[in-house]
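Here's the structure, in structure tokens; my notes come after.
The values are calculated or read from the model by the stated rules, or taken from the named source; none is laboratory data. Every value quoted in this text rests on a predicted model; they were computed, and no experiment measured them. Virtual Cβ from ideal backbone geometry, glycine too; neighbours counted across all protein chains shown. When the accessible area is computed, the model is the full protein with side chains, heavy atoms only, and any ligands, DNA or RNA have been set aside. Shrake-Rupley method; radii C 1.70, N 1.55, O 1.52, S 1.80 Å.
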Amino acid sequence: MSDNTSILRLVHHSDSERTIGVRRPKAARFIPFDDFLYHIGGRDPFPIQSGHLDTLEESLIAALRSLHAQGISFPVSAEQIELLQPSTSVPGSAACTTLFLPYNKRASWASDKLPPTWQADQLSDARLIFRIAKLLLQLSNPSSRHDLLDLPSQQALYTHLSKDPLSHHVDLCLGVAPVTVELAYGIIHALVWQKKGRESRDALELFFGGPMPLPEPGTPPDTIYNSFLQLRARVCHSGDRRGSTGLDRELEDKLQFDSPAMLTWIICCRAQAATLLKEHDRSQWWRTAMSLYDAFISPTGPTSELERICAFDLYRYRDK
């Protein structure tokens with residue numbers, strides 16, 4: 001590859017020695033892609049437009065296909081990609097920015113140990129990195145932050161927040177509307193993880209159209225689920241959801257609950273918000289969360305910190 005989007009600089013490729021050499025360019029500024037992502041919506045963001053990201057994305061896809069054709073598996077992540085800016089370029093300009101793939105300890109020669117879909121999976125992961133970057137740029141732009149996001153875009157943002165719940169990008173995601181249940185949970189969970197009790201409670205109230213009603217002690221889990229299911233349905237059908245006209249059916253369906261487990265996770269977040277805010281009814285919120293956990297999640301065991309609070313009664317609320 002020799003055009004201005006080149007990111008591969010192979011020094012040698014030996015099948016017999018099973019080795020690959022890559023030369024690191026000299027006299028250039030390297031910006032880890034995860035650093036670039038981090039600064040979107042914050043201080044001193046790297047100046048780059050979505051159109052140029054499209055070009056860089058296609059250069060990465062072309063590079064991966066080239067590696068795949070040589071029998072090389074090369075999984076990538078935002079931590080494994082670098083933006084390369086020649087030292088001769090104008091400071092602060094992204095016009096000459098290209099991509100560079102540094103040493104990748106996860107790279108390997110293709111073998112039967114890889115799943116049959118390994119090539120498609122790696123290309124999909126690469127595109128997801130750029131989808132997230134372009135979405136964050138969109139949300140950080142006042143003129144486009146309130147544009148409707150389709151289902152794949154909301155799923156990408158959920159993936160981003162679930163991988164990094166401490167990310168300040170949760171503040172950008174607060175403006176997404178209408179919002180899927182999955183992304184709403186990702187936002188609320190991130191706010192709780194960041195110990196932002198008031199903000200998480202406010203986000204929940206926006207999601208449910210008002211303060212969440214606290215179930216009475218002893219309310220059956222199925223009744224709790226159905227009551228919140230109806231509450232969310234009323235919000236979705238109220239007709240005043242910003243940007244809700246012309247939704248495709250797939251997105252429309254994901255605006256409402258389709259899993260008791262998801263409600264359980266959201267109730268856990270509400271209970272943790274009550275704990276952070278020292279609300280007087282926090283114990284009942286946790287008893288509600290534990291009741292839902294016992295009914296809908298316990299057979300699979302806890303997989304998160306909030307689930308462990310329920311599973312092991314870490315706050316000692318079950319017998320109070």
Pair list, Cβ < 8 Å and 6+ apart or interchain, from the range 194-219 residues that are on the phi > 0 side of the Ramachandran plot to residues that are surrounded by 13 or more Cβ atoms within 10 Å (Cβ to Cβ) and outside any loop (DSSP other than H, G, I, E, B): Lys195/Leu276; Gly209/Leu231; Gly209/Val235
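Take the range 209-224 and flag every residue that is part of a helix (DSSP H, G or I) and surrounded by 18 or more Cβ atoms within 10 Å (Cβ to Cβ). First the steps, then the outcome.
Taking the range 209-224 first, the residues part of a helix (DSSP H, G or I) are 221-224.
Correct list: Pro221, Ile224.
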Within the range 268-289, tally of residues that are open to solvent by less than 40 Å² (accessible area, probe 1.4 Å) and in contact with a Phe, Trp or Tyr (Cβ under 7 Å, 6 or more places away or on another chain): 5
Hits in the range 299-320 - residues which are closer than 16 Å to Ser283 by Cα and touching a residue at least 12 places away in the same chain (Cβ under 8 Å): Leu306, Glu307, Ile309, Cys310, Ala311, Asp313, Tyr315, Tyr317, Arg318, Lys320
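What tally of residues in the range 143-190 results from selecting those that are under 9 Å from the mean Cα position of the chain (by Cα) and more than 17 Å from Val235 (Cβ to Cβ)? Spell out how you get there, then give the answer.
Kept after step one, since they are under 9 Å from the mean Cα position of the chain (by Cα), are these residues of the range 143-190: 154-165, 183, 186.
If we keep only those that are more than 17 Å from Val235 (Cβ to Cβ) as well, we get 155-165, 186.
The qualifying residues number 12.
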Residue pairs meeting the criteria (Cβ under 6 Å; at least 6 apart or on separate chains; first farther than 13 Å from Pro75 by Cβ and touching a residue at least 12 places away in the same chain (Cβ under 8 Å), in the range 115-134; second open to solvent by less than 70 Å² (accessible area, probe 1.4 Å) and polar (S, T, N, Q)): Lys134/Ser50
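Scan the range 226-240 for residues that are open to solvent by 40 Å² or more (accessible area, probe 1.4 Å) and either of a type in the set (D, E, K, R) or at pLDDT below 95 (or both) and jot them down. Break it down stepwise before answering.
So the first thing to find is which residues in the range 226-240 are open to solvent by 40 Å² or more (accessible area, probe 1.4 Å), and the list is 226-227, 229-230, 234, 237-240.
Correct list: Arg234, His237, Ser238, Gly239, Asp240.
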